[in-house]
Amino acid sequence: MRRPDRNGQCYLWVKGETGQGIQGFLRSIKLLRCGSRLTYNSDQRIWMPTTNTFDPPVRWDLRTGPANSATLIFEGDLDANSTPSAWAKLDVALAGTRFSSLEIDVSGLSFCDSAGLALLYHISSGGMTPNAAVRLNGLNAELQHLFQSYSAQDLRALQAHEPARTSLPEEVGSATWAWLVDLRQQIDFIGEVTVSLLAGLFQPRLMRWSEVMRVFEVAGVNALPIVSLLTFLVGMVIAFESAQPLAQLGAQVFVANLLGLVMSRELGPVMAAIMLAGRSGSAFAAELGTMKVNEEINALRTMGLSPVRFLVVPRIMAGVLLAPVLTIFAMYAGLLGGVPVLIGLGFPLRMVLRQVQLGLHFGDLAEGLSKSIVFGLIVASVSCLRGLQTGEGPRAVGESTTRSVVSSILLIILADAVFAVVIYTLRS
Amino acid sequence: MNELPASLIKVRDLTIGYGERVVLENVNFEVRRGEVFAILGASGSGKSTLLKHMIGLLPPIRGEVLISGANIADAEGADKTRILRKFGVLYQGGALFGSLTAVENVRLPLDEFTELSDVAKDLIALSKLRLVGLESAATRLPADLSGGMQKRAAIARALALDPCILFLDEPSAGLDPITSAGLDALIRGLAGGLGITFVVVTHELPSIFAIADRTIVLDPTTRSIAAEGAPAYLREHAPQQWVRQFLNREAA
């Protein structure tokens, strides 16, 4: 093996006879360090590294003197690569020594970086020979300047520092307080939104319709493909899953009725609302959160403009308008997803459509659409509120986005449950 | 601190821009080892864009940037890491990681690129913080630091792996004059004491006269370098009148 050339490559010639373990050597070559000399151990029948051909990057010599004194002489390069092993070896070499004085001579070092200086500082501050008086000689002026920036006092202060911990009662108290503050902000927000929304409806010129249309397009029209695809697949799965148990009752044809009812009453509005929360609600929260971090919200306030009227109301209006549209697409896509399954089960298309027509009533559609309006209102307002509640820094934007999605989905399911109870009561 | 050629950075026939829009065309200059080199120009002249190309964040349209003879735009994998280890960058806002304390921010490159012990890494990180005068704020989060302190902590982080070059993007932006002067003194001290080469993008004239050995002035109309030399010399003797007016803070 020769020294690496200018490109950092070195060459290795392997010569041997059959049975000398060349294959095994080639497998173990990754264990060898550059510069290793190899010998063949005939007892173990393996090639093994023996001594280093090249000098290690840093060398030291520990010379003991009279009266428990010693001198540690460094040579070579003491850098971030060579320091870790030098540190470990010196730790072992100096452990248990009883020197009363130790002189470190670094005049032979050709290169030393911050890592090397950390080692020299550690030794000279008694980190390895606590009982010895240590003196460091031979540092050049540039390194001396850097060396002076090392401080055992700073290290002790850092090691003694413990992050502030709060007790359980403190945590419960602060969480309760945060919840109460959040509740108050929600009440304020609902009030402000209601006033601004009514003002916008009764005085349409106050509403920023161009912004409403922009949000409608971005959050609604652009979401149609993904909402349709998702509900199409859900419809397909429901048709497959319900076909088998209904077949046992001889009622497979009612898969179409079931699908129609489920998609129009429940899954259509809920799936569309969840997609709205995940795709557009999170975008609302992130957008308003970033605006808050960039002090754009403050800029609006100081211009005398209400952030709720200027930013929130157009988004809520767009959310309320686009949720039913998305829901209608979700309903149709879900039904379409079931059609190929039913055709595959042997039912003609006309029969499937007839069954859907028989099973569905205007009330089912009205139930789904009225739900979707409420869901749209929830998603848009909750997302905007979370966006406006964003704290300081980019991390806060991520947190408010997560909170917007979680809160929206939670409230959608809660509202859906309330709808189920109310509609059941009305029907019965 | 390594043995390096006199010209540490060579920018050759560099044409840069965003998509179709060319910002600077056929730019040539060199940065010498150990000097504080300032890139100066009016807002929108392409200073920060040039810096982003010099540190390899953006690919040039034509030309090359050589750092210690290696072309950063072409380098990949281990070669690119080797070039990146030669320099540190201070971004305009400091770009400290908000969830880490000041000392953890400085320790991060040491954790990722060295096999040093925890004590060694703490010693180095604290020494860098002491170099920039922030040893007492080591355990504070960036949000608890002032703007000037954040920039100094970011410089300490950039120094963690002993780079030979520091790129500073608008180091004095948003700082009060006293903090800004303190930062200038720190840059001069690091350049003089540690031999670090600085490339500073700024339009803060007091800073340039305080720290820069040489400067280039970018001309947004010709999309090229209008003048190159020592700032004090250019203030009096730049061939273009607008450059002299610019450096003397006179309205055209």
### Task
Give a residue-ordered list of calculated ³J(HN,Hα) values for region A:342-354 (Karplus: 6.51 cos²θ - 1.76 cosθ + 1.60, θ = phi - 60°; whole Hz; x for Gly, Pro).
5, 4, x, 7, x, 8, x, 4, 4, 5, 4, 5, 4
### Task
If a/c stays under 1.5 just call it rounded; otherwise compare a/b with b/c (prolate if a/b is bigger, oblate if not). Do that for the protein assembly as shown, with a ≥ b ≥ c from the square roots of the Cα gyration tensor eigenvalues.
prolate
## Note on the structure
Interchain or sequence-distant (5+) residues whose placed amide H lies within less than 5 Å of the amide H of residue A:112 are A:78
## Note on the structure
Sorted by chain and then number, the residues having a modelled amide H within less than 5 Å of the amide H of residue B:89, at least 5 places away or on another chain, are B:167
### Query
Can you run phi through the Karplus equation (6.51, -1.76, 1.60; θ = phi - 60°) for region A:80-94 and list ³J(HN,Hα) in whole Hz, with x for Gly and Pro?
4, 7, 8, 5, x, 6, 4, 4, 5, 5, 5, 4, 6, 5, 8
### Query
Counting Lys +1, Arg +1, Asp -1, Glu -1, what net charge surrounds residue A:136 among other residues with beta carbon under 12 Å of its beta carbon?
-1
### Query
Which whole number gives the average count of other chain Cβ atoms within 10 Å of the Cβ atoms across peptide A:148-155?
6
### Summary
Reduced to Cα centres, the span from region A:188-221 to region A:52-113 in Å works out to 74
### Message
Tell me the mean residue ellipticity at 222 nm calculated for the protein assembly as shown from its helices only (DSSP H runs of n ≥ 4, each -39500 (n - 2.57), averaged over every residue, nearest 500).
### Response
-16500 deg cm²/dmol
### Pair residue B:21, residue B:245: separation of 7 Å Cα→Cβ label points (nm)
2.5
### Query
What percent does the relative contact order of chain A come to when contacts are Cα pairs within less than 8 Å and at least six residues apart?
13
### Contact order normalised by residue count of chain B, Cα under 8 Å, 6+ apart, percent
25
### Neighbourhood charge, 14 Å Cβ-Cβ cut-off, centred on residue A:322 and excluding it, Lys, Arg +1 and Asp, Glu -1
+1
### Sites residue A:97 and residue A:59 - FRET efficiency at Förster radius 22 Å, r taken between beta-carbons, to 0.05
0.70
### Message
Could you tell me the center-to-center distance, by alpha carbons, between region B:176-210 and region B:116-156 in angstrom?
### Response
19
#### Entry: residue B:140 long-range amide H proximity, modeled H, under 5 Å
B:102, B:103
### 0 to 90° range, to nearest 10: angle between helix B:147-159 axis and chain B longest Cα axis
80
## Note on the structure
Rounded to the nearest 5, the percent of antiparallel DSSP beta bridges in chain B equals 50
### Message
What does DSSP give for the protein assembly as shown in terms of the percent of beta bridges that are antiparallel, rounded to the nearest 5?
### Response
50
### Summary
Under the Karplus relation with 6.51, -1.76 and 1.60 and θ = phi - 60°, whole-Hz ³J(HN,Hα) for region A:95-100, x at Gly and Pro, equal 5, x, 6, 10, 5, 8
### Task
Give B:52/B:80; A:292/B:52; B:10/B:52; B:80/B:121; B:52/B:86 a once-over and call out the pairs whose C-alpha atoms are over 18 Å from each other.
A:292/B:52; B:80/B:121
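Every number here is computed from the coordinates shown, using simple stated rules; none is lab data. These numbers come from a predicted model, not from an experiment. Because the Cβ atoms are built from the backbone with ideal geometry, glycine has one as well, and the counts that use them run over all protein chains shown.
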